[in-house]
Structure formats: C-alpha cells, structure tokens
Amino acid sequence: QQINAAEPVDLSGYERVTQTLVRPPFAPKHDQVAQGAPKIVEIEMVVDERLMVVDEDTGASIGAMTYNGSVPGPLIIVHQDDYVELTLKSLSRNALEHNIDFHASTGALGGGALTHIYPGEETVLRFKATKPGCFTYHCAPGGAMIPYHVCHGMNGAIMVLPRDGLKDKDGNALTYDEIAYIGEQDYYLPRNEDGTFKTYSSDGDDYAESLEAMRTLTPSHVVFNGAVGALTGANALRSAVGKTVLMIHNQANRDSRPHLIGGHGNVVWESGSFSDAPMTGMETWFVRGGSAMAAMYTFEQPGVYAYVNHNVIEAAILGATAHFVVDGDWNNALMEQVVAPRSTEA
Amino acid sequence: QQINAAEPVDLSGYERVTQTLVRPPFAPKHDQVAQGAPKIVEIEMVVDERLMVVDEDTGASIGAMTYNGSVPGPLIIVHQDDYVELTLKSLSRNALEHNIDFHASTGALGGGALTHIYPGEETVLRFKATKPGCFTYHCAPGGAMIPYHVCHGMNGAIMVLPRDGLKDKDGNALTYDEIAYIGEQDYYLPRNEDGTFKTYSSDGDDYAESLEAMRTLTPSHVVFNGAVGALTGANALRSAVGKTVLMIHNQANRDSRPHLIGGHGNVVWESGSFSDAPMTGMETWFVRGGSAMAAMYTFEQPGVYAYVNHNVIEAAILGATAHFVVDGDWNNALMEQVVAPRSTEA
Amino acid sequence: QQINAAEPVDLSGYERVTQTLVRPPFAPKHDQVAQGAPKIVEIEMVVDERLMVVDEDTGASIGAMTYNGSVPGPLIIVHQDDYVELTLKSLSRNALEHNIDFHASTGALGGGALTHIYPGEETVLRFKATKPGCFTYHCAPGGAMIPYHVCHGMNGAIMVLPRDGLKDKDGNALTYDEIAYIGEQDYYLPRNEDGTFKTYSSDGDDYAESLEAMRTLTPSHVVFNGAVGALTGANALRSAVGKTVLMIHNQANRDSRPHLIGGHGNVVWESGSFSDAPMTGMETWFVRGGSAMAAMYTFEQPGVYAYVNHNVIEAAILGATAHFVVDGDWNNALMEQVVAPRSTEA
Ligand SMILES: [Cu+2]
Ligand SMILES: [Cu+2]
Ligand SMILES: [Cu+2]
Ligand SMILES: [Cu+2]
Ligand SMILES: [Cu+2]
Ligand SMILES: [Cu+2]
Ligand SMILES: [Mg+2]
Ligand SMILES: [Mg+2]
Ligand SMILES: [Mg+2]
Ligand SMILES: [Mg+2]
Ligand SMILES: [Mg+2]
Ligand SMILES: [Mg+2]
Ligand SMILES: [Mg+2]
Ligand SMILES: [Mg+2]
Ligand SMILES: [Mg+2]
C-alpha cells in the first residue's frame, strides 16, 4: 500500500511538548502567539463509551461515545505548522470500533483510515497542522456508523492559531482573556409510543432505532456540552465587563446559528478559517454543519447573557442555551430603563 | 441590583426626534446620510394580540402576537450612535406578558430584561445603536415562551445606517430609491386529525399544541409579511427599470435563502452588518435564522420578479413568495426570445 | 406586451460558437481565460422525462425530469459578457410542460417566462451572462410545479468565468487541472405504509403524494449526480497528487455543506460569485439552497477522499457521498501512522 512505501520523515529537530487536555468548556494552557519554532505537541485521548443523562427533567439518556469522557471531546490548541501527535486509546470495557478524523489534517480521510481501534487497543497518529483555524474532529468508522457515532457525541474541536496570533481585518493583533469552548450536539433519541424516550442496556443496542430517528433529520435534543443545562445555573460561564472572550463553537453534523443575547460577535471567523479576514459587528453567525468556528466579544455590561442557537425552538425547547454571568458596573449610556413597567390605566 | 446603582447618563445635549413607524413592507421617513449629530429617536410600539388569517385558501389562522398590529413588526431606521427610545405599550385586551429584545442593543438580554409588560402596561427603554447594520428585534419572555411568541409573529427589524450612509466594498457611496421590508415568518399551526388546521378561541389556548408542532422543526407555513400572498397580486411591490431597491429581510427564527427570480443581489450585506464590505453579484443569499440583512438591486428589465425563499418547497407550497412588478422597457441585449415555443414535428 | 415592443438588438459582430454539452460530472471543453471578444455560445438541451433508479439497494426509483437525460443537467461554461443561446426541446414522448430559469440571466423570471414548452416543442432563448460566477438553472413551470420539477431532478449549473480567468484574493491567476461537477439532489419519494417506496406508472402520477412528502421538508434521499453511489466505486472521480480540481457544487433547492474528507477547500467561492474575493483554508463550506458554487483543492496525498454533505446523516444514510481516488506518493511529513493499532493489554 502507498502509505507503507513512503519515505520516513526526519523530525529530530522538533521540540516535543505535552498538552494536557482539559474538560469543556475550558481550554488547555497555551500561548496566543507561538514561542519559538514549530513543535510536536503530544496529546492523549481515551475513547470512553458511557451512559450520559441528556435531560434531567425527562430522564432522557444516551449511551454516549466520547473522547475523554465528555461531549464534546476536549479542545486541542496548537499553532500553524506544529505537529499534533495523538495517542488514541479505547477502554477495554467499550463495545465498539472507533477512530478519529481531523478536519485540520491532510490525507487518509483526515487520519480516519489510520486510527481504527477496537476496545483495549491504542494507536498513534501524527499530522501537521498546516492550515490556521478552528476545525472539527470526529469519529468516522464508515457508512452509517459515521452519523451514529457523531450523533452520540463523538466529536470535538482543534484550534490551530496563526504563529503570530489572531489578527483583525487590518492585520492588528487580537487577544482574548478567556476561551469558552462550546460543543453543540444534536441527539436523535428514539421514543416509546407514548412519546417518552427509550432506554437501552448497552452501546449499540439503539443502532437500528437511532438510524430511523436520524432519517427524520429532526433531533430530539440540541444541546451544548452534552446535556440540557450543562452551561447554565451553577455551570454557567463567568466573565466580567472589559473581558474579551473567544467563543469556539463546534458542530460536527448540523448547521447552527449562534447569538449572544445582549451582546454581539465583535470579530467572527464564521467559517473557522484564520487565513481570511474576520467578519465584524454580527448579531448572529452561522456554523456550517461539520465545522468549528470562533467569535470574539468584549463584555460592556454586567448581567446574564444567554448564548443560544437562534433557532429559538432549538434554544428554548430542544436545549441549545448556555449562560454567561458577567460581573461589573451597568452603563446607562448604552442602555437605560427610562420608565419601568407601569400601568397605563388612569 | 447592578442596573439600579448605575450612574445617570446626561443626554441633555441630544436633539430629540420622533420617528413615525409605518406598516410593512414600507419604511419610515429617514435620511440615508445622517444630518447633524447623533439624536434620540423616539418611537412607540403597541403590543397587539390579534387573530390573523395565514392562508385564505385554507382558512388557516393564528392568534398572532404583534408589534403595532403587523407581522413583521414595523421597520425602525436610525443612524449609528443615535439612541432609540422606545415606548412599549400592551393593549389591555391582550392576554399575555410580552417584552422586546433588540439585537442592535447591548446588555440586559437586549433590553428583554427591562421591558416585561402585562396587558394595560407600558415601559420606556433607551439604547444606543452602536453597531451599523440590520438587526432583528423580537419578544423573548423566557423559556418556551420565546419560540411561542417569535413563531406567532412577534418580531421585526431595525436598520442602523452608518452616519455617512451605505458604501460599496471600495468605499464609494451607495444609495437606494426605495426600501422593500420583508419579514419572513415560520408558523407551526397544529392540525386536526384530518389534516386541517385547528382554530383556537383565545391567545394562549394553542400553547401546548404549538410547542408539539414546533418540536418537529417543520413549519406548516413560511410566509412573507404575515400571510400567504401578502406581497403578491394587488399587494405586490412595485418598482421601475433603473430604480434601486434595498430589500431588508428579517427572519427571527429560521434560516432562509432569498433569491430574486430574474434579478440578483448586486450588493449584499448577507449577515446584516454594515461594518464589513458587502458581497456582490449573488444569485441567492443566506439569512441566518435570528437575523436581519439587506440586499440591493437595480432593475434592468420590466416585468414580474418573484422574490422567494429558494427552498422552492417553502416558496411555492408553504408560502414564501413575494412579487415585484417593474415598469419600463424590455432590453433585448440582455435577453431575447429568439424563437417562441413551436412544434418540432413536421 | 412590453417584450414584443422592444428594440431589436444587433449582434452581427459576434462570433458564434457551439458548445457540446457533456454528461456530469464532466465539464464541456472550454478555455479558462477567454480567447478574443465575447461570443454567442450556442447550446442545446433536450427535456427528457425518464425513470431513474435512485438507490439500487432498495430499488427506489423516480420518474425523473431531466435536461439531457442526467441529474443534474449538463454543466455549461461561458465567459462574462458572452451570450448563451439555448435551443430547448422537449421529447414528444414527454408528458409535462417544462421551461428553464437561469439564475445567471436578467429578466423574464430568468427566462422562465419565455421558454414554456410542451412535449414535441422547442424554443430558443438568448441571454447575456453579465455576472461572473457559478449559477443554478432549473425548471420553474409555476406554483407547486416548481418544487415538483426541481425535486424530480430538473436542475443544473452554468459557470460564467471572468474573461481573464479565476483570481485569488490578491488578484493572482488561479488555474485548475480538472473540474468535478457535482449536483446534489434532494428527492422526496412517497412511501407505502410498510415504509417501502412507492412506484408510479407515468410522470405526474406521483404529484399529489410528492407534494405531501415535500411538505415534510425531509428528503427521503440526498444524492450526488442523481443516485446513491453515482460517484463512488467504479464511478469514483479520479485525480492525482499535485493536481488541482475545481469542484462545482449545484443545489437547486436545499442548503448543503460540502466537505472533502482528508482535504480542504483551499480557495472557495462559497456564494458562487466570482466578483468577490474567494475564501481560503476552509474545512466545510456552505451551499445556499438554490445556488451553485465552486471550491478548489490541490491534492497533497494519495488515497480515497470522500466528498460529502457534512450533515453526516445526509452523507451516510441518505446518500450524499462521492469519492475521489487520488494517485501519488504518500507524504509522511503531512501525516504518519506512528503506531499502528495494537493491544494495550500486557
Ligand atoms: Cu466512534
Ligand atoms: Cu468530518
Ligand atoms: Cu410576546
Ligand atoms: Cu434574538
Ligand atoms: Cu420541468
Ligand atoms: Cu431559481
Ligand atoms: Mg513511517
Ligand atoms: Mg429542563
Ligand atoms: Mg472489552
Ligand atoms: Mg472551522
Ligand atoms: Mg437611570
Ligand atoms: Mg393560496
Ligand atoms: Mg443583521
Ligand atoms: Mg447502498
Ligand atoms: Mg452561485
């Protein structure tokens, strides 16, 4: 086969560093501007099939397929021309075959062709991050198993920063104070005849019925970070007036249209590519299904901001709502309640 | 609470003007280039719950929730850095709580947190229009009431013009002769078992069944300006060869893809932001669900132009078609019927 | 009528050339940079209603309506300011009225108003291709017949090249080695009560049931070039490392989001317009329903690349998958399988 006949590559001059991946919505420790020459960034991900509650109110649950136990999988951050060297392991208690396809990579179905592992196996894939941007990764075992795994949560994002950091459309440096990494997940949970959600005893048991549900193209749930309310209440994102947040939105399957209620997308890389000038001043931006992207905002007012998929049915009924709780002082020059609600009757 | 502790803002130097809002598809009187310094633009909107016929052919109707009695709500036009000062009233005969969330504003859920009013109440909200563009506004009372109100017609648009007017991608001034303000509305009307549409006696009675219908994410109707045929026949938009129309398209919930049959988007602010260079020469443009946008065209031929959501199922079966009737002289240099239809049989 | 009163146009100075249209996914012979002055490009298309198998596995079939016997119709290529002069004929064995609406043209509903023909008829339409880009054409007989014909395959694309060829965002010339012309088709096949697909004896018999199926906005099939697997296996597209392919994607009705698994969109005219600078470095791009667009990629690795609609349900279950089989040498500097899958158990 062509791949096995290839010339070896000499990477002896590359420094190796380890990136410790963390749980969403958090980002791994990283430099916004690259320090020194391109590196080999070693990461590890463990495939973990686990039951997850999707909505506590209804008890809806799914035999989730995850990278590192979370939906979405962890955020990876490197700089352009770095190598990503992933050790991918599958727990021996898992039931299914998995792999990984990086949209950021080149060749072999994004690495999918080189990383098929069974429970109790591991593999190591290395690829060069040649294109700057935010990119989806996901499991793609082949055929209908692709949507089955993707729609069971098996996807995440990598951000490949330009070596000299992010830039506005005039080429000026842009920096952020914090990252909010939001994975939007569409689930297609099969229902009983009475409309309640079915439960299954082990991974794979819901295969045929999941496929039937997926054929409707109508998700039962559209959630952020794996479950209804995963980023609200006690789990809300926190920020402060004057802080700049980079919102990284991953949607591995289905289009979305994020909106920050009460805020804006000041600077938006809508397609996720950092090789094009960002858009500015957006009310609502568009996530092409099967992509990751980034939007930047600096908070100007305190209070609660809802970050939603602005199909408001999907936001308010199917689950796609997160909250930012922002500290600081209110600015009446931007907005003022001139007259509080009062009766108009004499 | 933070907002009540805020410093007062001194706007004594600002001139106050009143903008009289008009019924869609028309635009309020306005300057394309701002005259003088930023102003406080006073507007009034009245929340009006009213039964509306959605499709005369089938008799389908909805207990619409409206701003000023129309779907969409009226178009507001200001310039960047103007203040919008809205008096929002709710008729005492209404049944439900309402508010307003302006995507053009900053903070307090777009004003939604400051404007909750019950029937027979009023409130006054002021916000600074800091970002140029077309922006959606809509009712957002919270939770599932958000899609319930938005999908019952409670949404509209504001255009925030750059102070020096619209520009092409090279910075040259662009002007328009007329505005066509088109609000696309997706309705989810519950059906009887025989497929006919249910009727309800008062607002709110259709809540549970509307939510079930919305969960399908499949609208029963997708219409322009509130009803099937609201912008065709006697209600068609009118223009003339050589005239430039600015088409403002609002869709508060669901993606759309407008196309002008027989014409183009010569200049298109697809995301609605005027802080980015517009796109040009488009056949079909994309409206992110939960946004307003603008497209400009100068008519070159007379005749009827259909303006459609180019999911042609939505245009021709669900209702999303408007007509422009354009006067003028035909130009054979652009298109000619060289041979009229004729038999090929000898 | 206005059109009949129009001044004749003198095109006696124009050279006439004939373009022989070919079967998708192939492109007609053409120059990337125009030779000489604008021309009149004569083409012929024959409307052909024919039974087509949509999925061999299930036997699902449709009474397809086609231009020249294929879904999509043939790709037309001209340069900006050329005239397209189409002779459109309808086979006498056809059953229905048809016409053609060119998004690339100006006036008369894109020519739709001037080209209504019945079986056994012909007509000739000439239009000037004033705007550079990729544009959809489709049948649009009026009313619900529009989605009925479009969703039975009656659509295709024209590419109007800039006279001096394609350019990158800095104005440098871009050339391609080959074109892959991909028409994405959503079908709405009615089902029997047992879930199998209905068969019909003649064109038009499925009208009422097709309309009911279309109202769901949920296609039974989403395919490339007319049928499941039309561009995989023996019919896969072929290329080689170092070759640059221009992928032209047409979707006349429904949004799509193409992704080349293992590759990228190096240069993407996402809206199809060549009058705007292309986007670069994209993982997944967006096709507005009712448009044609173009993406360019230079292969860097050998192997199989799947080109998919990255709603992976649509790709893997409904049919929207094509394959490129690419020859050449593997480059370990871009990707390497460092450790092949192996057991982690001692
Ligand atoms: Cu998997
Ligand atoms: Cu993918
Ligand atoms: Cu309301
Ligand atoms: Cu909103
Ligand atoms: Cu036809
Ligand atoms: Cu069209
Ligand atoms: Mg090797
Ligand atoms: Mg809940
Ligand atoms: Mg095991
Ligand atoms: Mg991306
Ligand atoms: Mg005050
Ligand atoms: Mg009607
Ligand atoms: Mg907008
Ligand atoms: Mg098959
Ligand atoms: Mg196009």
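The values are calculated or read from the model by the stated rules, or taken from the named source; none is laboratory data. Small disclaimer: the values here were computed from a predicted structure and weren't measured. With ideal geometry, Cβ positions are generated from the backbone for all residues, glycine too; neighbour counts draw on all protein chains shown.
Mind checking which strands (runs of 3 or more DSSP E) fall wholly inside region C:241-346 and carry at least 1 residues that are under 17 Å from the mean Cα position of the chain (by Cα)?
Filter on region C:241-346 gives C:244-251, C:258-260, C:265-269, C:291-298, C:303-309, C:321-327.
Do any residues in region B:268-294 that are closer than 17 Å to B:VAL78 by Cα have Cβ atoms under 7 Å from those of residues that are in a loop (DSSP other than H, G, I, E, B) and within 16 Å of ligand 1 (Cβ to nearest atom), where the two are at least six apart or on different chains, and which pairs are they?
none
Any chance region C:288-302 includes a residue that's at pLDDT 95 or above and closer than 21 Å to A:GLU97 by Cβ? So that I can check it myself, show each step before the final result.
Restricting attention to region C:288-302, the residues satisfying the condition of being at pLDDT 95 or above are C:288-302.
Still in the running and closer than 21 Å to A:GLU97 by Cβ: none.
Scanning region C:288-302, I find no residue that is at pLDDT 95 or above and closer than 21 Å to A:GLU97 by Cβ, so the answer is no.
Quick check: anything in region C:23-31 in a loop (DSSP other than H, G, I, E, B) and more than 29 Å from C:ALA320 (Cα to Cα)? Talk me through it step by step, then tell me what you get.
Of all residues in region C:23-31, those in a loop (DSSP other than H, G, I, E, B) come to C:23-31.
Now narrow it down to the ones that are more than 29 Å from C:ALA320 (Cα to Cα): C:31.
Looking for residues that are in a loop (DSSP other than H, G, I, E, B) and more than 29 Å from C:ALA320 (Cα to Cα), one finds at least one in region C:23-31, hence yes.
Given the conditions (1) away from chain A (no Cβ under 12 Å); (2) crowded, with 24+ Cβ neighbours inside 10 Å; (3) out of contact with any Cys (no Cβ under 7 Å at 6 or more places or on another chain), report the number of the one that C:GLY272 does not fulfil.
For C:GLY272, the failing item is (3).
Is it the case that some residue within region A:181-188 is away from chain B (no Cβ under 14 Å) and either modelled with pLDDT under 95 or part of a loop (DSSP other than H, G, I, E, B) (or both)?
no
Criterion first (within 7 Å of chain B (Cβ to nearest Cβ) and closer than 23 Å to B:ASN266 by Cα) does C:GLY107 satisfy it?
yes
Could you list, in sequence order, all residues of region C:275-324 that are within 30 Å of C:ASP164 (Cβ to Cβ), more than 7 Å from chain A (Cβ to nearest Cβ) and among the acidic types (Asp, Glu)?
Selection gives C:ASP276 alone.
For every residue, the table says whether it meets (1) more than 7 Å from chain A (Cβ to nearest Cβ); (2) touching a residue at least 60 places away in the same chain (Cβ under 8 Å).
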position	(1), (2)
B:GLU121	no, no
B:ARG126	no, yes
B:GLY133	no, yes
B:THR136	no, yes
B:ALA144	no, yes
B:HIS152	yes, yes
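Go through region B:201-218 and give me each residue that's surrounded by fewer than 18 Cβ atoms within 10 Å (Cβ to Cβ), in a loop (DSSP other than H, G, I, E, B) and in contact (Cβ under 8 Å) with a residue 40 or more places away in the chain.
Hits for region B:201-218 are B:SER202, B:GLY204, B:ASP205.
Only one of (1) under 22 Å from the mean Cα position of the chain (by Cα); (2) closer than 12 Å to B:ASN99 by Cβ; (3) among the small types (Gly, Ala, Ser); (4) surrounded by fewer than 24 Cβ atoms within 10 Å (Cβ to Cβ) is not met by B:ALA140, so which one is it?
The one condition B:ALA140 does not meet is (4).
State whether one or more residues within region A:76-97 are away from ligand 9 (no atom under 16 Å from the Cβ) and small (Gly, Ala, Ser).
No - not one qualifying residue is present in region A:76-97.
If a residue must be farther than 30 Å from C:SER201 by Cβ and within 7 Å of chain B (Cβ to nearest Cβ), how many such residues does region C:95-104 contain? Don't jump to the end; show me each part of the working.
Going residue by residue through region C:95-104, those that are farther than 30 Å from C:SER201 by Cβ are C:102-104.
So of that shortlist, the ones also within 7 Å of chain B (Cβ to nearest Cβ) come out as C:103.
Final tally of qualifying residues: 1.
Which pairs have Cβ atoms under 7 Å, sit 6 or more apart or on different chains, and link a residue in region B:219-239 that is in contact (Cβ under 8 Å) with a residue 60 or more places away in the chain to one that is polar (S, T, N, Q) and within 16 Å of ligand 6 (Cβ to nearest atom)?
These pairs meet every condition: B:VAL222/B:ASN309; B:THR232/B:THR321.
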